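Shown next, in structure tokens, is the structure this report addresses.
Any read-out appearing in this document is the output of simple, stated calculations on the displayed coordinates, not a laboratory observation. Just so we're clear, the structure is a prediction, and the values are computed from it rather than from any experiment. Because the Cβ atoms are built from the backbone with ideal geometry, glycine has one as well, and the counts that use them run over all protein chains shown.
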Amino acid sequence: MLKFLLSFVLLATLHFGFNCGPAKGQESDYLETLEEAHLNLEAGEYDLSLKFWIDPSATLSGCYTYIEDQWRAFKWDFGSVVKGEWVELSQRLILDAPVSGSRFIIHVPASLGNGDLYIDDIAIREVEEEIPTSVDHGGEQFAIYPNPASGVLNVKSTVKVQISVYSTSGVLVHQGAVDAGNSVVMLGHVPAGMYVLKMADGKSVFSKKVRIN
């Protein structure tokens, strides 16, 4: 019998338990999120982690998880999992496009063994990257701060530039021009997440990532 004791971290806070096993004639166990717990993720890079506890008498060698939208499949190998203890495993998840209303599925094929399996603390966390706040581009100097920002970006430039801000899926969310010197770009109307800011001075285009909290 496979037992799932689950809680999602960050994306949703869910605490629910299942005792489930294959019905007669079926060859695998699976569990999926309820509709209200379906995943909504921006494009980007994430850490996907789960905690596993395997009964010492179990013969399980692994399981699969799926994000249905974009059909991202992950195999979890239990070769390094000490039976009878909680062990956390993690993998990197890269989404090229946003995920909306996607089921998260846990699947244990009969071919991977049998026994009692507990799963807890499912976490999907956005990978934090260090983002520079200033740069020298072809002799022209730009500074954007703070980064991350709470809806207001300060821009310092040695030349007049046209600024365009795009979501990671390529949607233009802001456009405008700033003069040389110090300027303010208001982005309080955009949802929190990672964006690409492009600055064009008529001769070249410079791009950098900014995070809006």
**OP:** Would you mind calculating the gained length between VAL159 and LYS198 on full extension (0.36 nm times residue separation, minus the Cα-Cα distance), in nm to one decimal?
**Re:** 12.6 nm
**OP:** When a/c is below 1.5 the answer is rounded, else prolate if a/b is larger than b/c, else oblate, so apply that to the stretch 55-213 with a ≥ b ≥ c taken from the square roots of the Cα gyration tensor eigenvalues.
**Re:** prolate
Subject >> Residue-wise HN-Hα coupling along the stretch 165-173, computed from phi with Karplus coefficients 6.51, -1.76, 1.60 (Hz; x: Gly, Pro) >> reply: 10, 10, 6, 5, 8, x, 8, 6, 10
**OP:** Measure off 7 Å from each Cα along the Cα-to-Cβ vector at SER111 and VAL184, then give the distance between these two points in nanometres to one decimal.
**Re:** 6.1 nm
Original post:
Simple spin-label model, 7 Å along Cα-to-Cβ: ALA177 to THR59 in nm?
Top reply: 7.4 nm
Original post:
Hey, can you rank 81-87, 47-53, 206-212 by average C-beta count inside 10 Å, highest first?
Top reply: 47-53, 206-212, 81-87
Subject >> ³J(HN,Hα), Karplus 6.51/-1.76/1.60, whole Hz, each residue of the stretch 77-85, x for Gly, Pro >> reply: 8, 8, x, 9, 8, 6, 5, x, 9
Original post:
How much net charge surrounds TRP86 when only the other residues with a Cβ under 12 Å from the Cβ of TRP86 are counted, with Lys and Arg +1 and Asp and Glu -1?
Top reply: -2
Original post:
By how many nm would the segment from TYR166 to GLN141 grow when fully extended, if each residue of separation counts as 0.36 nm and the alpha-carbon distance is taken off?
Top reply: 6.9 nm
